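Have a look at the structure below before the remarks.
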There are 4 protein chains.
Amino acid sequence: MALPAPLHGVIPPVCTPLDARGEVDTSSLARLVTHLLDAGVHGLFALGSTGEAAYLTDAQRGTALEVVVKAVNGRVPVLAGVIDTTTARVLDHAGKAAGLGADALVATAPFYTRTHPREIADHFRRIRTAVGLPLFAYDIPMAVHGKLPPALVRELAADGTLAGLKDSSGDDGALRRLLVGLGGRTARRTGPAPGFTLLTGSELTVDAALLAGADGVVPGLGNVDPAGYVRLYDAARAGHWERAAAEQERLVTLFSITDVGPESEMGRSSSALGAFKAALRLLGVIECGTTAIPQVPLGEESVREVGRRLTAAGLIKLPYG
Amino acid sequence: MALPAPLHGVIPPVCTPLDARGEVDTSSLARLVTHLLDAGVHGLFALGSTGEAAYLTDAQRGTALEVVVKAVNGRVPVLAGVIDTTTARVLDHAGKAAGLGADALVATAPFYTRTHPREIADHFRRIRTAVGLPLFAYDIPMAVHGKLPPALVRELAADGTLAGLKDSSGDDGALRRLLVGLGGRTARRTGPAPGFTLLTGSELTVDAALLAGADGVVPGLGNVDPAGYVRLYDAARAGHWERAAAEQERLVTLFSITDVGPESEMGRSSSALGAFKAALRLLGVIECGTTAIPQVPLGEESVREVGRRLTAAGLIKLPYG
Amino acid sequence: MALPAPLHGVIPPVCTPLDARGEVDTSSLARLVTHLLDAGVHGLFALGSTGEAAYLTDAQRGTALEVVVKAVNGRVPVLAGVIDTTTARVLDHAGKAAGLGADALVATAPFYTRTHPREIADHFRRIRTAVGLPLFAYDIPMAVHGKLPPALVRELAADGTLAGLKDSSGDDGALRRLLVGLGGRTARRTGPAPGFTLLTGSELTVDAALLAGADGVVPGLGNVDPAGYVRLYDAARAGHWERAAAEQERLVTLFSITDVGPESEMGRSSSALGAFKAALRLLGVIECGTTAIPQVPLGEESVREVGRRLTAAGLIKLPYG
Amino acid sequence: MALPAPLHGVIPPVCTPLDARGEVDTSSLARLVTHLLDAGVHGLFALGSTGEAAYLTDAQRGTALEVVVKAVNGRVPVLAGVIDTTTARVLDHAGKAAGLGADALVATAPFYTRTHPREIADHFRRIRTAVGLPLFAYDIPMAVHGKLPPALVRELAADGTLAGLKDSSGDDGALRRLLVGLGGRTARRTGPAPGFTLLTGSELTVDAALLAGADGVVPGLGNVDPAGYVRLYDAARAGHWERAAAEQERLVTLFSITDVGPESEMGRSSSALGAFKAALRLLGVIECGTTAIPQVPLGEESVREVGRRLTAAGLIKLPYG
């Protein structure tokens, strides 16, 4: 499908359910897509960080994207992550994603290597040229260990290389400067990059990003409570900012499920991904909470705590614990 | 004066005007205080990073604080930075600040040294105990090279060690989690730390911080356009969020004065401090734009560019350039 | 071939020559292998960072490793890098490398993701178990953004998971502590991990590492001057430490070829990889100095400067420039 | 006394003994100076990081330096740390240190602030000009959060601003490049900065630094075992590199006393400083092992473990534990 320009709304980074052996659980994934579309999300981002793309083999990535595209069946746009270290490797993924029917690509700057801004620009330009799909830059310093220079994003937005930005930098001040530079809340559509899409990946400050003029959000927690993010988005679009803020607060509280794994035993990322999957299992959406190797799985007590917090949030009716 | 709990509103970190020899220009500083109070600010923060405290000798710090306290004359609270590497050195500054009439102290975690969270807690507790003044924690990872652990802030807020937090971390997601943990937008005053003050130092996302429930802002750019920040604050308090956002956008544009120094020749910090002082001189508030050694001063063309941007912002009437 | 335990000597990380279109230049690569073996190196490390593994597609990696294994023809051990973000992806590379005849594998900790030490341990254990080849840990914080915890290396050395460590951390103090912990200069072979191999990737302090008891070195610059590193190694083995230091100084001077690319135009990594390849071309070993996309290539003047420095080092006879 | 150029040998960073109330224990400090001089050290560095300078008030710093200068009584040069955030503050300390009889000053780059290399150069030039004492740059990225650019050090060495460098960066490759750039092992005295002194602060790789051509070492552990470092230095000077390496290994083993504090309870720095002082107390040199606030003190069991390791090292005769 042709991607709207700008794209807008709630575009969750879809989790990749795995079975007990660690293989992609295609029927759980199809159910997850339905769960998200039923809640009214506006697009899906497959093979992102929340989708554990960095943990999946090429074959598993292909399977996951194929299932998402088929389950969506053209109802909303599907963005596909093409996460790899450098250009040639990303191009391999990009060709496959295009072949599998993705509507747009999402690429980070090179990582593992040390890369000059001129090289980052060349990287995005080559991807855009080689594959006939809209390209989003994925700014995720926590993974890539460098922030995309805002001047570079502006340049690549203005010359049409980039269709949009997924900003997972957590640097809301820089996001604001970028938005204002592109025309601000009222003049974005007549600014230097009229169709450019700005999506925040900061699921805890979505009301703020929308107030600042962002077009949408890519919330990991949106796997668990897509309806909450849709309500938040709708309230913001209607100018009901305090209602949006109240919904955001509810989601911030729910986000505490990501803290259940004990810090002495596992990383914050494994705890968060484990919690999202545990929640989806408790909600009956997916079969199995397995995360990809070598992540430490959540223990039983941590999973029970996820259940209690889902119950407190009103997402499941039976008490856990 | 007794500090309101919570403190609220616009509390600029006051610049410290210097004369051509680099000494504190006391009459310019007094004029700057008047400029800020006339605009309706709700408090002042002397000897912060924007006040170049890290560049001033102890004698200069004393002079600056004395002038601010005298010029304010009890009309608004004066917070005093007590920036130094570790506890005993901070206590020296704290005693002097109390003697000079500060209404509250603002201290960072230890820096230069590598410090365990238990040691950071002990640091704040000792400062609070030794000096009979409300104590604000200053979270500024860019300077201190570590973020205050949110759990630690919560603990020190709840037990009364801290009266508030000045959050200059730029991590608005963590700020949101902290606010929600303290009760959120509606229940802060009945939460675990009812009088605790949360001030953002992120001058580019003030509308967002207020929407999230922060009590106020400490904007460096507020030296240049205090009335703008007061309007932004008032709009937010009145629930006019889109008006607040529009005012914030105007201030984001004005913030571009901090970029005028060429990156090849000077640091971002020197460029920003130089721009604030150049602007105050062009506005007729202070005598001389000198920044403290060893900062590279703005060149003439950069100062002219500051003038052009002030003109574009409607802050000065005559065109520059 | 069975890998000696410990492995020792000079084991250059082989550059991957590319043709003008960016494809692996197999005949140049075979010539490079001969160039290295003729100089007396003790092993080869294919598909490392210097081999631009992070820039090569899977197909290109396979081609490069196949050529190296064939050209070596069992004369020295071939270690193969299996660089990818996480375990399952690394296992894909590891299976291919084993099939192509690598004698050992070299894997980093997971990257892109945030990974707990327990997860890093599990990562190495799973790789070791799945593939029947000796496994070296590759400690390269510049790329992976975390240093392998020394206690973890010790544990995995003692339990047989790791056959060795390639230490490219530049932290020679930590390397010394590790060496002493394994028994030191005189008791390594009767210590907790008697066959464990310690290779430094710090090509500027090889004399020091050997004096400390390291078994060998993996020097990027060894592509250009393998004989120099062999002389340095032999001098050290013979206890001629001042001769070793003099040779090291000569190589430090030669290393300045990595600085020729202007910092305003390219990254330090592109400059270094470009210089190694330019030198190999000027020495007549490879056909073309192309580096992989999206790296900025060295300009003509920079290449001439490489030539001048090779001449000054006595590696080429005709003057350049 | 006139400082030799270059300065050479073992120059311990003197610990600052405190009494139970946290005040400088002047008689213990005088005894510590005697302990060091009796072992044959070649100079002393007062008010460095190991001296807890960042934890001491200005008055305490003055007391400590005064005691050291008096106790040394001209027998070896006394270098004085003048650690503070920026130039004007450092100048205050520098004037006092000169007045108290220091033979040279040791200053870091500015910290807390973000500082451009041009500003760092200006910083050192102003200190050198204002105070008539030789000036050493103190490269300590762990504290200052930036490494001194080697090109800058070379420039300031060549123009006479700097008399020397104390390199605590742990980056022995960069140190090697600097040494070679100044003429290397054989041509330093006829190079661009003939009298320049290069001291390593990396107490675990002293043999390596001396082999590379460094002039001396500033070892924190040298407080505990100064004779060991003098033996190491003498062996290296005599060209007995393997004897030097063996002595270094013994000291690396002894360095394990810095690990005794449990990581869950205290920082690595507090553990190391606590261990040095505990060792000095157990050796009968100082009265009390107190470290400055807000450091967590070593627990009793940790102190016993220090004792056991001193015993194992042959430094104390009676068994502990």
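The values are calculated or read from the model by the stated rules, or taken from the named source; none is laboratory data. In this text the structure is predicted, and so the values were computed from the model without any measurement. Glycine gets a Cβ as well: all are built from the backbone with ideal geometry, and neighbour counts include every protein chain shown. Note: areas computed on protein heavy atoms with side chains; ligands, DNA, RNA excluded. Shrake-Rupley method; radii C 1.70, N 1.55, O 1.52, S 1.80 Å.
Points worth noting:
- Scope segment C:250-282; condition more than 11 Å from chain D (Cβ to nearest Cβ), in contact with a Ser or Thr (Cβ under 7 Å, 6 or more places away or on another chain) and of a type in the set (S, T, N, Q); matching residues: C:Ser269, C:Ser270, C:Ser271
- Test: residue in segment C:169-188 that is in a strand (DSSP E or B) and of a type in the set (Val, Ile, Thr): no
Residue by residue, here is whether (1) among the aliphatic types (A, V, I, L, M); (2) surrounded by fewer than 18 Cβ atoms within 10 Å (Cβ to Cβ); (3) in contact (Cβ under 8 Å) with a residue 12 or more places away in the chain; (4) within 14 Å of chain A (Cβ to nearest Cβ) holds:
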position	(1), (2), (3), (4)
B:Ile120	yes, no, yes, no
B:Arg154	no, no, yes, yes
B:Ser168	no, no, yes, yes
B:Gly195	no, yes, yes, no
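- Counting only strands (runs of 3 or more DSSP E) wholly contained in segment C:45-164, the ones carrying 2 or more residues that are small (Gly, Ala, Ser) occupy C:78-81, C:104-107.
- Residues in segment C:230-247 that are part of a helix (DSSP H, G or I) and over 21 Å from C:His35 (Cβ atoms): C:Ala235, C:Ala236, C:Arg237, C:Trp241, C:Glu242, C:Arg243, C:Ala244, C:Ala245, C:Ala246.
- Subset of segment C:44-66 [open to solvent by less than 30 Å² (accessible area, probe 1.4 Å), in contact (Cβ under 8 Å) with a residue 60 or more places away in the chain and within 14 Å of the chain's Cα centre (by Cα)]: C:Phe45, C:Gly48, C:Thr50, C:Glu52, C:Ala54
- Flag for C:Thr190 being open to solvent by 30 Å² or more (accessible area, probe 1.4 Å), more than 16 Å from the chain's Cα centre (by Cα), within 12 Å of chain D (Cβ to nearest Cβ) and within 25 Å of C:Tyr233 (Cα to Cα): no
- Of all residues in segment D:236-249, those satisfying the criterion of being facing chain C (nearest Cβ under 9 Å) and either open to solvent by less than 10 Å² (accessible area, probe 1.4 Å) or not aliphatic (A, V, I, L, M) (or both) are D:Gly239, D:Trp241, D:Glu242, D:Ala244, D:Ala245, D:Gln248, D:Glu249.
- Taken over segment B:76-91, the criterion of being touching a helix residue (DSSP H, G or I) at 6+ places or on another chain (Cβ under 7 Å) and either within 14 Å of chain D (Cβ to nearest Cβ) or acidic (Asp, Glu) (or both) is satisfied by B:Gly81, B:Val82, B:Ile83, B:Asp84, B:Thr85, B:Thr86, B:Thr87, B:Ala88, B:Val90, B:Leu91.
Residues checked against (1) open to solvent by 10 Å² or more (accessible area, probe 1.4 Å); (2) in contact with a Phe, Trp or Tyr (Cβ under 7 Å, 6 or more places away or on another chain):
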residue	(1), (2)
B:Val224	no, yes
B:Asp234	yes, no
B:Asp259	yes, no
B:Arg268	yes, no
B:Leu280	no, no
B:Leu298	yes, no
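- Taken over segment D:6-29, the criterion of being touching a residue at least 24 places away in the same chain (Cβ under 8 Å) and either over 24 Å from D:Ser269 (Cα atoms) or among the charged types (D, E, K, R) (or both) is satisfied by D:Pro6, D:Leu7, D:His8, D:Gly9, D:Asp19, D:Glu23, D:Asp25, D:Ser27.
- Options D:Thr291, D:Thr253: the member that is under 30 Å from C:Arg243 (Cβ atoms), among the hydroxyl-bearing types (Ser, Thr, Tyr) and open to solvent by 10 Å² or more (accessible area, probe 1.4 Å): D:Thr253
- Figure legend. Inter-residue proximity from segment C:201-215: first residues more than 13 Å from D:Thr205 (Cα to Cα) and more than 10 Å from chain D (Cβ to nearest Cβ), second residues of a type in the set (Gly, Ala, Ser) and outside any loop (DSSP other than H, G, I, E, B), beta-carbon distance below 6 Å, spacing 6+ or different chains. No pairs are indicated.
- As a summary of the residue check, D:Thr85 satisfies the conditions (1) open to solvent by less than 10 Å² (accessible area, probe 1.4 Å); (2) without any contact (Cβ under 8 Å) to a residue 40 or more places away in the chain; (3) in contact with a strand residue (DSSP E or B) (Cβ under 7 Å, 6 or more places away or on another chain) except for the one numbered (3).
- The number of residues in segment B:251-308 being part of a loop (DSSP other than H, G, I, E, B), in contact with a Leu (Cβ under 9 Å, 6 or more places away or on another chain) and not β-branched (Val, Ile, Thr) comes to 7.
- The set of residues in segment D:170-180 being facing another protein chain (nearest Cβ under 7 Å) and either of a type outside the set (D, E, K, R) or over 12 Å from D:Leu211 (Cα atoms) (or both) consists of D:Gly170, D:Asp171, D:Gly173, D:Arg177, D:Val180.
- Residues of segment A:156-166 that turn out to be buried (at least 24 other Cβ atoms within 10 Å of the Cβ) and farther than 22 Å from A:Pro77 by Cβ, as a count: 0
- Hits in segment A:1-15 - residues which are of a type outside the set (Gly, Ala, Ser) and either open to solvent by 60 Å² or more (accessible area, probe 1.4 Å) or more than 12 Å from the chain's Cα centre (by Cα) (or both): A:Met1, A:Leu3, A:Pro4, A:Pro6, A:Leu7, A:His8
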